[in-house]
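Some notes on the structure that comes next.
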Amino acid sequence: MEQFLEFKNISKAFPGVQALDNVSFRADGGRVCALMGENGAGKSTLLKILSGDYQPDEGHVYINGEVKSFASPYQSIKSSISVIYQERQLMTAMSVMENIFLDDLHENKLGFINKPLLRRKTQEIIDVFGLPIKPTDIVGRLSVAHQQMIEIMKAYRRDSDIIAFDEPTAPLTAGEITILFNLIKNLKERGKIIIYVSHRMAEVFQISDDIIVLKDGKLMTTFKTSETDEKSLVKAMVGRDIGDTYAKLRRNEEIGDVILEVNNLVTEYIHDVSFNLRRGEVLGFAGLIGAGRTEVMRAVFGADPVSSGEIWLDGKAVSFKSPKNAIDSGIALCPEDRKEQGLILGRSIRDNISIPVLSKMKKRLFLDVKKEERLAAAAVSKYSIKTPTTEKLMVELSGGNQQKTILGRWTSEMMDTKVLILDEPTKGIDVGAKAEVYQMVHDLASLGIGVIFISSELIEVLNISDRIIVMHNGHITGEVTRHEATEERVLELAMKD
C-alpha cells in the first residue's frame, strides 16, 4: 500500500506571532515534496510539529489515514519519522559510530557495547555515503559538512518511512550533494515519504516532484514541479515578481583609498596571502569549499594566530591578539556559522545588538537600559527585522532576521566599523531576504565601509562584488574585476594549483 503523510488544518501560535494558520496538504510516498517559503513562512514550525518538538494548537497529523500525536521527538522517531535540521543535533565529544547508533548501541550479554559490531555496521553506512571518515573519529573534530552527513546517516540507519530534510545541502560540497541526491532518489524508489526544505531553487527543481508554498504561516499554493518555473515559484513565495535581483541593485560608485592591506599573511591554514580593500568597495572572495577564505578572515579578525605577515588598517600596522582587538580597531565579522559563532541564541535581539558597546552604555555603575533599547529599536527599524519587540529571543527568529540582527550590531550608531567581513551572509535565508541583504551590502559600502563578501554561491560573488579574489588550497590564485569576471574564469582560478 502506498504510504502518505497528511497535515490537516494545522495552526500554531506563539506570543505575537501566528506561525501556522490552518495549513493542509498531503505528501505521498515515492515522491519528493519540497516545502518552500520565505524565512518566517512557517516551514520550521511545521517540521517541529512533525518531529514532536511542538504540538499544534489546532489540526492533526495523519500517517496513512491514521491520526498521530507526538508529545516528544522520541515518539516521532518511534513512529518511523526522521527530521534532519539545519542545526546539527550531535554529541560532538563522541565518535561517529556512537552518534549514528546512539539509541541502539548493540550491547552484548554482559551489558557492554559491542564495539566491533558497531564499527562494522557504521563502516557499512560510511561506505554507502563514500566519505573519508572512520567510525571511531570524534565528531567535534570533523568538518561542518561531514557533521551534516552524519546527521543524514542517523536517519538512513533508522530506515524511517518519513524523512524530512531542512536545508541539508547548506554546508556540503558539490560531491557530497551528489551523494545526498542519489540517496534521496534511492529512498524515493523504496516508497519513502520525503519532505525537502531548501532556499536553493536549482536543487528544488532538480530533486522534487511536488512543491508546497507557505507564506506568513498560510498555505499559498501547490505545484507539480514539472509544471512550474522559477519565476512563478518566487512570485508565489514573496507575493510579488522581484524580477532580476542583481539588476535592481543600487551600487556604490565612489570607491576610495585603501583601508585594509594584508601582506604575505601565513597561518596554519593559509600561505603567503596578500590583498587590499578600499573604502566603499565590495571585495568578493571566491573558491571551492576548503579554499581558505574563512581562515584568511579569521586571521585578519584576530581569531586565529598569525605566523608571519603584516596587516595594515587605515595606514597603520596592526596586530590583533583577539577579536576584541579587531573590533576596537573597527573590523567586524559576520561569521559563516552565525548560530554558533555570531549570536547568543538564548538572549534577546536587544542584548545581541548591544554586546560590543555595553561599556559605552553605563549610567554611573549601571547599564542604561533605555539607551540600549533605543539602539536596538533603531536597528530593528533600519533593517526591517520582523519582530513584535526587541525582547524577542534570537532562537525564535528566522535565519534572515538573525542575519539582519548581526548587521544591526556592527553598523549601529555607536560602532565605528571601517571593515565589515560577511562570511556566507545569505546561507539558509530565502530569496526575498537575500535581495534585501544584497542591497544592504551596497548601502553600507556607500557609507565608506570596506566590505568583504564571501559566498559559495558563485553567481552571488559575480554580481555583488566590485572586485573578486579567488583562492585555492590556502593561497590566492587570481584577481578579477566585476566586469572581467565570468563563471568559467573564476572556476578556472578556483581549481588552479
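Values quoted throughout were computed directly from the atomic coordinates according to the rules given, and no laboratory measurement underlies them. From a predicted model like this one, the values you see are computed outputs, not experimental measurements. As a convention, Cβ positions derive from the backbone with ideal geometry for all residues, glycine included, and neighbour counts pool all protein chains shown.
Amide H contacts of Val83: Ala164, each under 5 Å away and 5 or more positions distant or on a separate chain (H built 1.01 Å from N in the peptide plane; Pro and chain starts excluded). The coefficient of translational diffusion for region 258-494, derived via Stokes-Einstein from the alpha carbon Kirkwood radius under 37 °C and 0.692 mPa s, stands at 180 µm²/s. Against the chain, whose longest principal axis is taken from its Cα atoms, helix 174-189 shows a tilt of about 20°. Sorting His60, His475, His146 by the number of Cβ atoms found within 10 Å of their own Cβ, with the fewest placed first, yields His60, His475, His146.
The DSSP beta bridges internal to region 4-238 are antiparallel in roughly 55% of cases. Applying the Karplus relation 6.51 cos²θ - 1.76 cosθ + 1.60 with θ = phi - 60° to region 364-373 yields 3J(HN,Hα) values of 6, 8, 10, 6, 7, 4, 5, 5, 4, 5 Hz, where x marks Gly and Pro.
Ordering Ser72, Ser208, Ser232 by the number of other Cβ atoms within 10 Å of each residue's own Cβ, fewest first, gives Ser72, Ser232, Ser208. Distance between the 7 Å Cα→Cβ label points at Arg120 and Asp137: 2.3 nm.
Across the chain, the convex hull enclosing all Cα atoms gives 173 Å³ per residue. With neighbour counts taken as other beta-carbon atoms within 10 Å, the residues Arg158, Arg120 rank, fewest first, as Arg120, Arg158.
Remark on Met471: its backbone amide H falls under 5 Å from those of Ala286, Gly287, Thr477, a criterion applied only to residues 5 or more positions apart or on other chains, H modelled at 1.01 Å from N. Each residue, Asp28 and Asp103, gets one label point 7 Å from its Cα in the Cβ direction; the gap between the two is 2.9 nm. Taking the longest Cα principal axis of the chain as reference, the axis of helix 115-129 is set at about 70 degrees. Axis angle, to the nearest 10 degrees, between helix 399-410 and the longest C-alpha principal axis of the chain: 20 degrees. Extension gain for the segment Met94 to Lys78, taken as residue separation times 0.36 nm less the Cα-Cα distance, is 3.4 nm to one decimal.
In this structure, the residue pairs whose Cα-Cα separation is over 28 Å, taken from Lys68/Lys188; Lys360/Lys404; Lys231/Lys339; Lys192/Lys434; Lys392/Lys434; Lys48/Lys386, are Lys231/Lys339; Lys192/Lys434.
Taking K and R as +1 and D and E as -1, what net charge do the other residues with C-beta under 15 Å from the C-beta of Arg31 add up to? The answer is -2.
Extension gain, Asp57-Ile344: 0.36 nm per intervening residue step, less the Cα-Cα distance, totals 100.5 nm.
Counted over region 258-494, the DSSP beta bridges are approximately 55% antiparallel. With a Förster radius of 22 Å applied to the beta-carbon distance between Ile355 and Thr389, the computed FRET efficiency rounds to 0.75. About its Cα centre, the dipole of the chain is roughly 1300 debye, where the only charges are +1 on Lys and Arg Cβ and -1 on Asp and Glu Cβ.
Taking amide hydrogens as placed 1.01 Å from N in the peptide plane, the amide H of Ala19 sits under 5 Å from those of Lys12, Ala13, Phe14, each at least 5 positions away in sequence or on another chain. What is the mean projected area of the alpha carbon convex hull for region 4-238, to one decimal in square nanometres? With every direction weighted equally, the projected area is 13.5 nm². A simple spin-label model places the labels of Lys363 and Asp127 6.8 nm from each other, with each point 7 Å out along Cα-to-Cβ.
Using θ = phi - 60° in the Karplus curve 6.51 cos²θ - 1.76 cosθ + 1.60, the 3J(HN,Hα) couplings for region 162-167 round to 10, 10, 10, 10, 10, 6 Hz; x is entered for Gly and Pro. Dividing the Cα radius of gyration of region 384-472 by 2.2 N^0.38 Å, with N the residue count, gives 1.13.
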